[in-house]
Structure formats: structure tokens, C-alpha cells
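Only one structure is covered here, and it is reproduced in the block below.
Nothing in this text is a laboratory measurement; each read-out follows from the coordinates by a stated rule. In this text, all values refer to a predicted model and were calculated from it rather than measured experimentally. Cβ sites come from the backbone with ideal geometry, for glycine too, and all protein chains shown count toward neighbours.
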Amino acid sequence: MTHTRIKELLNSTDYGIDITLKGWIKTFRNNQFLAINDGSCLSNIQVVVDFENTDERLLKRLTTGAAVSINGTLVESLGKGQRIEVKAKEIAVLGDSDPERFPLQPKKHSLEFLREIAHLRFRTNTFNAVFKVRNALAFAIHKFFNEKGFVYLHTPIITGSDAEGAGEMFKVTTLDFENLPRNEDGLIDYKEDFFGKQTNLTVSGQLEGELAAMALGNIYTFGPTFRAENSNTTRHLAEFWMVEPEMAFYDLHDNMDLAEELLKYVIRYALDNCSEEIEFLKNRLTEEEKSKPQNERSALDLIDKLNFCLEHDFERITYSEAIEILKRSKPNQKKQFKYVIDEWGTDLQSEHERYLVEKHFKKPVILTDYPANIKAFYMRMNEPDEYGRKTVRAMDILFPGIGEIVGGSQREERYDRLIARMEEMHIPVDEMSWFLDTRRFGSAPHAGFGLGFERLVLFVTGMTNIRDVIPFPRTPKSAAF
Ligand code: 4AD
Ligand code: MG
């Protein structure tokens, strides 16, 4: 190794040794004190420059953002604020940074501004912390499933089917838009297209996951998924990462238990392994909340909120029970909800989900047994309830400040029931023959769920906009970089 990373230097007690460090200049005070960061941790290391014996031209090049390589001696710091610092012997500028043009100044920038320079926002403390936590959560997800003997399955990005049946897909084609091949009926002839048929970016790896689960037992996917839904909210991305476990011989209860265990495991992992970052993000959030009116501030700080989630069982209730609670709720009675709940069967809006989680139960909630006609075709049908209402074996996990973080279900494993449902919902049965084979040959009860990875990162980092927890966000009318 030609240099030592700053995290290691800051933990060192080897006073007097000579070291080389490399990094980017955060600040340069009084022509004497450099603060250098190399991304290895949030803290900078202080480098003391002997300005009287340093070339004037070199001093001028020590500007915010410049990349430098420094040889020096590790010494105990005399100044306040740090235990250790480096006495520079030799400084080389590896890459200059024009102070007139470098967009990041050593001051607080708005998250909106930083989003426009997403290639540079990695250099800020906030995004350093966010992406370290994101990394830890991704690692923890693999660790969790690996310890349980699940097989990590790579499902395709380009597919020929619509897993959710919602039609929110990006088309994949190499056809020339200026000169589209047509068949006799004048329709676009996809036989001429790259794959000889219509294809799209996947909205979910679930269907392929089900095939593997019906042979390997327990599998999970963790990959990018794409939704062409025009939702310009702080919770939606057009490209997001999803974790989708699928388990043979699991029913809905086993499914909920696994999801709750996974969420608690990965949150604990982040708390244990990213304490510096989460402490920083906690203070950031507390600071941000000061600008809000008292009644909108959260009662718990970020770390308390995460611990609270670990210490309590998630509330489990049915959709029908939730509707009764919502109907009786104050904001519904006073018509303060934008969408007033007056009948069974309507889909819940995020205002309703947040009421249940943040006001009524004050903890994560798992809602089960949703009306069949607001859920996907593959969910297992319940027997009609006492009022003859049709529900499916669905479960959504709702989190404070987030709303839906997990969506899953027990799957409809009964061939005839599934076919009937697909026909009812206009899902092309012929094209799905490969999927239906799981129900033709040795069908078995099974279940699974999808965890929205960015929504998890949002929760753990306390950030408020999903665009700020993914390195390069893709949203309607925005695909920069
Ligand atoms: O509820 P969804 O649509 O469920 C599925 O895709 C199932 N195939 C999952 C399964 O059972 N295997 O999506 C699952 C989760 C949601 O709960 C949410 O956290 C996240 O994915 N999600 C999004 N995250 C960011 N941006 C979007 N546009 C999202 N759509 C869903
Ligand atoms: Mg959902």
C-alpha cells in the first residue's frame, strides 16, 4: 500500500511515525491547517503545513476540493478538536480544483442543490453517511439470508412478462422509431424486434423467483426494478432496488415473521456497524426538524426511533379492521383526510397508512387480507367473509414516516383458482404458461414479499426524500448523469 487511509490514521497511536496519506481538501485555514478527507470516515484529518518553508505557488493550489498526496509525521495534536494530526513534510497536488468554479463550498448546501450535482454530492458528510449506511444495509441483507441458507437468485432485468399486471413498464426495443415494421393489420411487427417479441424492464423478479423456490426451497433476489408510474413523490423512483424472498411451504404467518425478523436484523446491523454515520444523521435530522412547527416534529430522535422499532412487535391487523379504525378516526369524522374513508374496498392512501402507524398504533403495522380487487393476480384467495366480501392473503408492512415498506402475500397455488383470477384480471394466460407450470407439476403452498430497498434506507438514515438515498435517482422527467 502506498498510503494509509485516514480512518486508520485517526485510530492510530503510533506517534512519531512517517506516513503517506491521500485525499481531498475540505478546508485550508490560515495558510497552515489543512482538513483532509479520503472518504474512509466522516472525520477529516488535520495536516499542519509549514507555510514559511513552503513554495507560495504550492500554497495557492491548496484549495477546497483539490486532491493531494501528503508525506508527513503523525504527531499528537496540540490544538483542540483532534487527538492526532500530521506534520507535513512533502505535499503534492494530484488534481487541482479551481476555487472559482468548484460548486461545493465549506458550508451547508440544500439537498435540492446537491441533487443537481449528484456526481459531487458524495463529497459531503451527509451523502458520505447515507451511502455508508446504504452499503451496510445491503451487506446485512445478504448476511441475513445467507445465514438462513437462502439462495441468492439473479432474475432477469429484461423480461417478456408483467409480474404485477399493472402495465407500468418501460419497453425494451431496438426497433427504429422512424421506420417501424408493420404486419398486414398495420400493427407494429415485434417479430422484427431484437428478441422477436415485446419485452420490457422488469417490475419485479417475483415470478421467476417462484419458479426457483419451487425447487430450491428458499430463495431471494436483490436487484434493480423499474416502474414507469408517473408518481412524482418523495417515496417513488422509476428505478429502485428490491429484495424479494420467496419460500416454499410458507404461509402468510411464516411470511410476516420472516419479514419482521429481516427488518429488525438489518436495522440492528446498521446501528451496530454505522454508529458514527447514524449519530451524524441523527443530529442532521434534529437540526432540520428545528425549522418545523413544534407539532410536526417527531417525539423521538433517529436513534430512539430505530431502537423503538427493534423493541416492539409489529402490530398485525386485517385490512377490514383497519377500515373500521379509520372510519371512526378523528380526521375521517372531521373530513380532514383528502380521501375520506366511507366504504370497505377502497385502497388506502398514504395519509391513511400514516395515521394508523403514526397516530393510532404508534409503531410499525402489518395489514393483511386486502380486498382482492385492489391486489395483484397471484395472491391466494381467502374464502369470502361473513358479508361475502372477497379478500386475498396479502400483507403490507407500514412504517412511520414511510408508509408501505414491504408488500407481499401467500401465493395462489391452486391451478384452477389462479387461472380464473388471471382471466378475470385480463392477464394473458397463454404467455404465462412457463409460470403456470409451477402449479401444474407439484404445486405447493408458498409465500414471499418485496422490500423496497430505498424505503428501508430512507427509514434508517432519517432522510425525507427517496432521491437522496440512491446515488443516481431516476424519476419522471429526470435521468441526469
Ligand atoms: O408492493 P410491490 O409492488 O410488490 C411487488 O412488486 C411484489 N412482486 C413483491 C413480492 O411479493 N415479491 O413492491 C414491493 C415494495 C413496496 O412495498 C415498496 O417498498 C417498494 O417495493 N416500491 C417502490 N420503491 C420505490 N419506488 C417505487 N416506485 C416503488 N414501488 C414499490
Ligand atoms: Mg405494494
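Which of the GluC sites (Glu not before Pro) across region 131-208 are loop residues per DSSP, with 10 or fewer other Cβ within 10 Å?
Counting only loop positions with at most 10 other Cβ atoms within 10 Å, the GluC sites (Glu not before Pro) in region 131-208 are E178, E184.
Can you give the Kirkwood hydrodynamic radius of region 96-166 from its Cα pairs, in Å with one decimal?
16.2 Å
In whole Å, what three semi-axes, largest first, describe the equivalent ellipsoid of region 164-241 built from its Cα gyration tensor (square root of 5 times each eigenvalue)?
For region 164-241, the ellipsoid semi-axes come out as 29, 20, 10 Å.
Rounded to the nearest 500, what is the chain's calculated 222 nm mean residue ellipticity when only DSSP H runs of at least 4 contribute -39500 (n - 2.57) each, over all residues?
Using -39500 (n - 2.57) per qualifying helix, the result is -9000 deg cm²/dmol.
Relative contact order of the chain, please, whole-number percent, based on alpha carbon pairs below 8 angstrom and at least 6 residues apart.
13 percent.
Can you give the Kirkwood hydrodynamic radius for the chain, in Å, rounded to one decimal and based on Cα pairs?
25.7 Å
Pairs to check: K362/K390; K132/K335; K80/K108; K108/K264. Give those whose C-alpha atoms are more than 31 Å from each other in this structure.
Those over the limit are K132/K335; K108/K264.
Please compute the length gained on full extension between K80 and I117, using 0.36 nm multiplied by the number of residues separating them and subtracting their Cα-Cα distance.
Gain on stretching K80 to I117: 10.0 nm.
Take every Cα pair under 8 Å in region 275-411 that's 6+ residues apart, average their separations, divide by the length, and report that relative contact order as a whole percent.
19 percent
Given labels modelled 7 Å from the Cα in the Cβ direction, how far is it in nm from D342 to F472?
4.9 nm
Counting pairs of alpha carbon atoms under 8 Å apart in space and at least six apart in sequence, what relative contact order in percent does region 6-106 give?
29 percent
Need one number: the % of Cα-Cα pairs in region 8-159 sitting beyond the 22 Å mark.
Result: 52 percent of Cα pairs exceed 22 Å.
Please arrange R123, R83 by how many other C-beta atoms lie within 10 Å of their C-beta, fewest to most.
The fewest-first ordering by Cβ neighbours comes to R83, R123.
Sort region 329-410 into rounded, prolate or oblate with this rule: let a ≥ b ≥ c be the square roots of the eigenvalues of the Cα gyration tensor; rounded if a/c is under 1.5, and if a/c is not under 1.5, prolate when a/b is larger than b/c, oblate otherwise.
It comes out oblate by the Cα gyration axes.
Separation of region 166-209 and region 448-475 by C-alpha centroid, Å?
Result: 29 Å between the Cα centres.
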